[in-house]
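Student: What follows is a structure written as structure tokens; I'll ask about it next.
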Amino acid sequence: MRTLSLIALLLVVAGCAASPPTHYFTLATVPGSAPAASGSAAGAPLAVDAVHLPGTLDRLEMVRRADQNRLAISETDRWGEPLDEMTRDVLDQDLMMRLPAGAVLPPGAPKAGRTRAIVVNVQEFDSDAAGRVRLYAEWSLLEGGAQQPRLRREERIELDGAKDAAGQAAVMSKALGELADRIAAAVEGAPARS
């Protein structure tokens, strides 16, 4: 009996030793397609209040769409922090790079009553088996305490090149940068109400 226990223990230890290593990834800021606007911020500052992700994506494990109705959730490739928080922080930083100095509040900064808020609802933000990243999102611009958005847009961004987990993180970062380009252009065209 003792020999069987020892053999079982050795098999468990051998199985653990053969596990592939876990890799951690993060999203990164991406320079804008146009240089940042010069000058200082006009009107109320802007803050990325929230980024909402579907539960299938808002996890530490990286997700790929295997086909129309099936997801592949990696056991070895993980995000370094919750994807919704990371997406919000990187989008905030991307917007800071695209809008005039002082126009965007850094994450966690106190907000005044006149602060304009961006809220993003993501429907899809992953890659497929062919390496195509899709970012489908609706975003809204709210001003002050208003309940109705000043702007509401739906964005569909598709980019190729996500052949592996590192590529997926890089292309997802580019897609987020393109979303920031579009938000910055729309917000600059809609100055704050007085």
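The values are calculated or read from the model by the stated rules, or taken from the named source; none is laboratory data. These numbers come from a predicted model, not from an experiment. When we count neighbours, we look across all protein chains shown, and the Cβ atoms used for this are built from the backbone with ideal geometry, even at glycine.
Student: Say whether the condition of being of a type outside the set (D, E, K, R), touching a residue at least 40 places away in the same chain (Cβ under 8 Å) and under 30 Å from SER74 (Cβ atoms) is met by at least one residue in the stretch 140-163.
Tutor: no
Student: If you go through the stretch 31-50 one residue at a time, do you hit one that is within 11 Å of the chain's Cα centre (by Cα) and under 18 Å from VAL171 (Cβ atoms)?
Tutor: no
Student: Whether any residue in the stretch 142-151 is modelled with pLDDT of 95 or more, acidic (Asp, Glu) and either under 23 Å from GLN93 (Cβ atoms) or buried (at least 22 other Cβ atoms within 10 Å of the Cβ) (or both) is what I want to check.
Tutor: No, the stretch 142-151 has no match at all.
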